[in-house]
Structure formats: C-alpha cells, structure tokens
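Chemist: Pasting a structure below so you can have a look.
The values are calculated or read from the model by the stated rules, or taken from the named source; none is laboratory data. All values derive from a computational prediction rather than experimental measurement. Methodologically, a virtual Cβ is constructed for each residue, glycine included, from the backbone with ideal geometry; neighbour enumeration extends over all protein chains shown.
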Amino acid sequence: MAIKSRVKLFYRPKELITPPADVYKKISYKLEDNDLIVTNNSKYYFTIAKITHINEEKKSLIKSNMIPPLSDFKLPLQNKVKHNKLTVTYVDDFGVYKTRNINLK
C-alpha cells in the first residue's frame, strides 16, 4: 500500500486584514494569445486546481498551480478557449475545492 500526501504550511502575519475566504474576489483572469494571465491582488497564495469551460468540468485547460501573492502568473492553456466564460476550481484554506464562474477580459 502506498500513500501520497502533501502538506503545505503557511505563516500568516496578524496584519493580514482580508479574510482568507474572500481571496477569490481579488483574483482576475485575462486571455493573452494561448496563455491565461492570472493576477493575484491579494496578500495570500491562491491555489488553482483546474480551469474548464462551463459545463465541461472534466477537461481542464491548465495544469494546477499556486499563484503567489501580489503577482501576475502566466498559465499556458492546454486547449483553445471557446468563449470568455470559464469555471475555476480552487482550493481554500481547509483543503476544500471551491468552484466559481469567471469572465475573461
């Protein structure tokens, strides 16, 4: 029997004001050529598990990734984007997968 586990430990200073549950509100997405530019305007790391076309939850357009605080991150798309409405699945502080619909700029 083999077990694979991953534990991430983050130190959070007391000065962080935004609740971790609201981090997704400070994330924006922009399509540039065949890349998705994710802008994290929060002071938290943001882990994206997958991004899919709406109603196509099985085919992720990107590989999962962790977006550093206050940064832009380029994610190469594995397939062409059909329209500007996508679904992003991210991991919250408790390891729960959350899903939100997004509109690309």
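Chemist: Check VAL88 against each of (1) exposed (fewer than 15 other Cβ atoms within 10 Å of the Cβ); (2) within 30 Å of PRO13 (Cβ to Cβ); (3) not small (Gly, Ala, Ser) and name the one condition it does not meet.
Modeler: Evaluating VAL88 over (1) exposed (fewer than 15 other Cβ atoms within 10 Å of the Cβ); (2) within 30 Å of PRO13 (Cβ to Cβ); (3) not small (Gly, Ala, Ser) leaves (1) as the failure.
Chemist: Now, a different point. Within the range 7-17, can you find the residues that are surrounded by fewer than 10 Cβ atoms within 10 Å (Cβ to Cβ) and under 15 Å from ASP92 (Cα atoms)?
Modeler: Narrowing the range 7-17 to residues surrounded by fewer than 10 Cβ atoms within 10 Å (Cβ to Cβ): 7-11, 13-15, 17.
VAL7, LYS8, LEU9, PHE10, listed by residue number.
Chemist: Would you check which residues across the range 18-55 are loosely packed, with under 14 Cβ neighbours inside 10 Å, in a strand (DSSP E or B) and touching a helix residue (DSSP H, G or I) at 6+ places or on another chain (Cβ under 8 Å) and list them?
Modeler: None - no residue of the range 18-55 is loosely packed, with under 14 Cβ neighbours inside 10 Å, in a strand (DSSP E or B) and touching a helix residue (DSSP H, G or I) at 6+ places or on another chain (Cβ under 8 Å), so the list stays empty.
Chemist: Shifting gears a bit: Pairs only if they're at least six apart or on different chains, beta carbon under 9 angstrom, first in the range 1-15 and on the phi < 0 side of the Ramachandran plot and free of Cβ contacts under 8 Å to residues at least 12 places away in the same chain, second among the polar types (S, T, N, Q) and surrounded by 10 or more Cβ atoms within 10 Å (Cβ to Cβ); list them, first residue then second.
Modeler: LYS8/THR47
Chemist: Now a separate question. Would you confirm, using the coordinates I've provided, whether VAL23 is of a type outside the set (Ser, Thr, Tyr) and at pLDDT 90 or above? Write out each step before concluding.
Modeler: Numbers: of a type outside the set (Ser, Thr, Tyr): yes; at pLDDT 90 or above: yes.
Yes: the conditions hold for VAL23.
Chemist: Which residue is farthest from ASP93 (Cα to Cα), if the candidates are limited to the range 18-55 and must be among the acidic types (Asp, Glu) and touching a Lys or Arg at 6+ places or on another chain (Cβ under 9 Å)?
Modeler: Just the residues of the range 18-55 that are among the acidic types (Asp, Glu), to begin with: 22, 32-33, 35.
Then drop every residue that is not touching a Lys or Arg at 6+ places or on another chain (Cβ under 9 Å), which leaves 32, 35.
Numbers: GLU32: 29, ASP35: 27 Å.
Step by step, filter the range 18-55, then rank; the result is GLU32.
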